[in-house]
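The next block holds one structure in the form of structure tokens; read it before the comments.
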Amino acid sequence: MTLPVPPTLFRTAHPHPGSALERAYHLVDQLAGSALQRDRDPGPPATEVQALRSARLLDLTVPRAHGGQGADWPSALEIVRVLSHDGSGNLT
């Protein structure tokens, strides 16, 4: 049995300024206001995907040699956990 884990357990007290984690928290704060509308609208969340791209969160695990950030899987998982708490079921 898996117990739900409160999102506050994943929040790093002080993510490094400019880090992917800080950008993810900032993006979730931005996206939270449109979560209900996103769930109601059919189709892909194009605006939100562009916001992910602008926040440089789509290339986290792409190797640096190929233009990505080269993040390891535990770091990427932490970002996904943060993004999953935006309030919408249609983004992650």
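Throughout, read-outs are computed from the coordinates displayed, never taken from laboratory work. This is a predicted model, so every value here is computed, not measured. When we count neighbours, we look across all protein chains shown, and the Cβ atoms used for this are built from the backbone with ideal geometry, even at glycine.
7 Å from Cα along Cα→Cβ at both HIS26 and VAL80: what's the point-to-point distance in nm?
2.4 nm
What ranking of ARG56, ARG38 emerges when the number of other C-beta atoms within 10 Å of each C-beta is taken as an exposure proxy, fewest first?
The most exposed by this proxy come first: ARG56, ARG38.
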